[in-house]
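Below is one structure, written out as structure tokens, with a few remarks after it.
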Amino acid sequence: MFTERWSPRAFSDQPVTEDQILTLLEAARWAPSASNLQPWRFIYGIKGEPEFDTLLSLLIPFNEGWAKRAAALIFVVSVKSFDGERPVATHSFDAGSAWMSLALQAHSMGLVTHGMGGLEFEKAPLILGLNDNLKLEAGIAVGYQGDPATLSESLQKREMPSTRQPLSAMAFKGKISG
Ligand SMILES: Cc1cc2nc3c(=O)[nH]c(=O)nc-3n(C[C@H](O)[C@H](O)[C@H](O)COP(=O)(O)O)c2cc1C
């Protein structure tokens, strides 16, 4: 599943149900986190409903251009502190593990996901009701994979699984070297 999952930008018109989105979030809910604090929050919108348009308006234009065809959008938010004093040092790391659970759950259901860091971070807090204790981490476009022909020519060229650096470039025994 690790090598089969990838992030298309072309989505079909096939809708997703709220139950499907809640199944993805249920998978995310079971992600591990430091001290089991679960410092993640999810905001979602389903195509055809006003929440989708709100989330879409918070994507940078590049992402909005293709993600408007997604069947749903999910924003991942992390909680910086639960008592206003001690920070949750791993809030972003933990939210990242929740996103990966969500992505793999989607893959197992025949859905595709595409993470997006290109968001309107300045506009978002007011529109999404985020206070200073909440950090907007990323958006996720969700849906069924579509025909690449719906994309611009330049994006069609990028519509394929990508490679990775070799393990030797990132795995070190004992200390980083090289
Ligand atoms: C946190 C995060 C932010 C990303 N931001 C964007 C983005 O703003 N726009 C975009 O088109 N792709 C974005 N991507 C997709 C990545 O470029 C993609 O996951 C990466 O190239 C690996 O490809 P794969 O997911 O198909 O294996 C993002 C992915 C992640 C995980």
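The values are calculated or read from the model by the stated rules, or taken from the named source; none is laboratory data. Computed from a predicted model, the values in this text were never measured in an experiment. Note that we place each Cβ from the backbone using ideal geometry, even for glycine, and neighbour counts take in every protein chain shown. Ligands, DNA and RNA are excluded from the accessible area calculation, which covers all protein heavy atoms including side chains. Shrake-Rupley method; radii C 1.70, N 1.55, O 1.52, S 1.80 Å.
Only helical DSSP H runs with n ≥ 4 go in: add -39500 (n - 2.57) per run for the chain, normalise by residue count and round the 222 nm mean residue ellipticity to 500 deg cm²/dmol.
After summing the helix terms and dividing by the residues of the chain, the value is -8500 deg cm²/dmol.
Measuring from a point 7 Å past the Cα of Met109 along Cα-to-C-beta, which residues in segment 119-151 have an amide N at less than 17 Å?
Residues passing the 17 Å test: 140-146.
Put +1 on the Cβ of each Lys and Arg and -1 on the Cβ of each Asp and Glu in the chain; which of Ile21, Leu59, Gln38 then has its Cα farthest toward the positive end of the dipole?
The Cα lying farthest towards the positive end belongs to Gln38.
Which of the peptides 115-128, 20-33, 67-80, 150-163 is most tightly packed, and how do the rest follow, judged by the mean count of other Cβ atoms within 10 Å per residue?
Taking the mean over residues of other Cβ atoms within 10 Å, the ranking is 67-80, 20-33, 115-128, 150-163.
Just the accessible area per residue of the chain, please: how many Å² with a 1.4 Å probe?
The answer is 58 Å² per residue.
Is the shape of segment 130-178 best called rounded, prolate or oblate, per the rule: a/c under 1.5 gives rounded, else a/b larger than b/c gives prolate, else oblate, with a ≥ b ≥ c the square roots of the Cα gyration tensor eigenvalues? Mind showing how you got there, number by number?
Working: a/c = 3.40, a/b = 1.27, b/c = 2.68.
Oblate.
Given segment 18-145, what whole percent of its Cα pairs are spread farther than 25 Å?
Here the long-distance tail beyond 25 Å is 21 percent of all Cα pairs in segment 18-145.
Provide, as a two-decimal number, the C-alpha radius of gyration of segment 96-178 over 2.2 N^0.38 Å, N being how many residues it has.
Numbers: Rg = 17.5 Å, N = 83, 2.2 N^0.38 = 11.8 Å.
Ratio of Rg to 2.2 N^0.38 Å for segment 96-178: 1.49.
For segment 1-95, with only Lys/Arg (+1) and Asp/Glu (-1) charged at the beta-carbon, what is the dipole magnitude about the Cα centre, in debye rounded to 20? Mind dumping the intermediate values first?
Details: 9 positive and 12 negative charges, 58 e Å.
Dipole about the Cα centre, nearest 20: 280 debye.
If the only charges are +1 at each Lys and Arg Cβ and -1 at each Asp and Glu Cβ, what is the size of the charge dipole of segment 45-178 around the Cα centre, to the nearest 20 debye?
Details: 12 positive and 14 negative charges, 129 e Å.
For this selection, approximately 620 debye.
If you roll a 1.4 angstrom probe over the protein chains with everything in place, what fraction of the accessible area of the chain belongs to carbon and sulfur, to the nearest %?
Values: 5750 of 10310 Å².
Using a 1.4 Å probe with all protein chains present, the chain comes out at 56 percent carbon and sulfur.
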